[in-house]
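The next block holds one structure in the form of structure tokens; read it before the comments.
Just so it is clear, none of the values below were taken in a lab; they were calculated from the coordinates. Everything quoted here is computed from the prediction, not taken from an experiment. Neighbour counts are summed over all protein chains in view; Cβ atoms, including those assigned to glycine, are modelled from backbone coordinates with ideal geometry.
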Amino acid sequence: MAFFLLASVLIGSLVLALAVVNALLAQASFRVKDLSDRVGSLSQGYERKQLRVAELSAPDRIARQAHRLGLALPSSEDVHVIEVPRGAAAHLGGRGRATGGSLPEAVTGGSG
């Protein structure tokens, strides 16, 4: 009788453990499906945004928008090329500010 009782408790415990494991696996599989759906949705959103960036950065669209705003390319007389002596760029900081002296010294090579 003790053996039958022990076997019943053991089998009942195993069945309960299997049910718990099954429930945990089902829960994990639902979580994986939800995450997969979310990844798919976010990927589609990312692709839509990439397409929008490509559309907005198209040169023809930018030119049309500039024309609509009254902007035009300058004439060749209005374009001035400034040549900076070699090594002068080393005196400029990350934002174009002079770090090793004043900017005119860095550009002209003068001593002050």
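A few points about this structure:
- Of the listed requirements (1) under 24 Å from the mean Cα position of the chain (by Cα); (2) surrounded by fewer than 10 Cβ atoms within 10 Å (Cβ to Cβ); (3) acidic (D, E), D34 misses just one: (2).
- The test for being surrounded by fewer than 10 Cβ atoms within 10 Å (Cβ to Cβ) and assigned to a helix (DSSP H, G or I) holds for E77.
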